[in-house]
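Read the structure below first, then the notes.
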Amino acid sequence: MKTVEETLLKRTSVRRYEYDKIPAETLDFIYRAIANTPTSYNGQQFSVIAIDDQAIKEELYAITNQKQIKTCATLLMFCADFHKIDVLAQKKGIDNPHFENTLDGVMVGIIDAALAMQNAVVAAQAAGLGSCCVGYARTANPEKIAEILKLPQGTFVICALTLGIPRESPDLKPKQPLSLVVHHNHYRTDDMSADLEQYDQTISEYNRHRSGTTTENDWCGHILDYYRIALDYDMEGYLNKQGCKLPFVPKK
């Protein structure tokens, strides 16, 4: 196992993998780390679909066009999940208030699933595996992906995580300095534009000189371009079809 410092501070997104399968004991370690995720109310409002069936990975690749989805050894699909509590509530004859119909409920499901994915990322990194989070698995034809995964009402995909034995060692991508990440006692009230401009330039330099494919992308413009594209995603409609009745139910 890698040290805590190596695991947390040296991780990069790995998109190219060896053909070898992940040892069963390593996967078991990752799954146990996922199961031990801290969740809101201990409600554990998430589930993970582990995919090693190549045909299913190929189907998902055809939708997302993310090559690592079909070449990884194991693909994990992290989902918010309010279905399990509903199954037991019906079995026990308990009225279900359907928390997933509220903004807080949807946020809780997303946070729980995201925390579970981070546990998986850390466990995989510690075990010497490579991983890559694929957010496009959430937005690229989500209804078709829900059909492929046979997702019941009350569940929806948050993100995918590809796992495998690394075939590459990507450069460590610069992150925002601590002066922009950690605010002490209250949000920064001074002018942070100089720090932001410096980071923007750092990303530009990194993208120009990184190993592999280089670009002219900065941080600000590139991220805002993504936001513009994301405005066209109909996630509200998808969530409605998966059982989260939006617009959110107002309090009575």
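Readers should treat all values here as calculations from the given coordinates under stated rules, not as data from a laboratory. Here the structure is a predicted model, which means the values were calculated and not measured. With ideal geometry, Cβ positions are generated from the backbone for all residues, glycine too; neighbour counts draw on all protein chains shown.
About its Cα centre, the dipole of segment 1-157 is roughly 300 debye, where the only charges are +1 on Lys and Arg Cβ and -1 on Asp and Glu Cβ.
Is there a pair in K67/K173; K84/K241; K67/K245; K21/K67; K57/K144; K70/K175 whose C-alpha atoms are over 22 Å apart, and which pairs would that be? All intermediate terms of the calculation are to be shown ahead of the outcome.
On the way: K67/K173 20 Å; K84/K241 17 Å; K67/K245 34 Å; K21/K67 17 Å; K57/K144 13 Å; K70/K175 28 Å.
Over 22 Å apart, Cα to Cα: K67/K245; K70/K175.
Computed from Cα positions, the angle between helix 193-209 and the longest principal axis of the chain comes to roughly 80 degrees.
Net charge of the neighbourhood of A24, taken over other residues with C-beta under 14 Å away and scored Lys/Arg +1, Asp/Glu -1, is -2. On the basis of the beta-carbon distance and an R0 of 22 Å, L103 and D234 show a calculated FRET efficiency of 0.80. Under 5 Å from the amide H of Q45 lie the amide H atoms of S40, each residue being 5 or more positions distant or on a separate chain, with H modelled from the backbone and absent for Pro and chain starts. For q values of 0.16 Å⁻¹, compute log₁₀ I(q)/I(0) with the Debye formula on a Cα-only model of the chain, without solvent. Listed by q, the Debye log ratios stand at -1.37.
By how many degrees, between 0 and 90 and to the nearest 10, does the Cα long axis of helix 54-64 differ from the longest principal axis of the chain? Helix 54-64 sits roughly 70 degrees off the main axis of the chain. Of all aspartates and glutamates in the structure, the ones whose alpha carbon falls short of 19 Å from that of K10, not counting any fewer than 8 places away in one chain, are E168, D171. Amide H contacts of Y17 (H built 1.01 Å from N, in plane; Pro and chain starts excluded): R167 sit under 5 Å, all sequence-distant by 5 or more or on other chains.
Between the amide H of V134 and those of A160, L161, T162, distances stay under 5 Å, these residues lying 5 or more places away or on another chain, with hydrogens modeled in the peptide plane.
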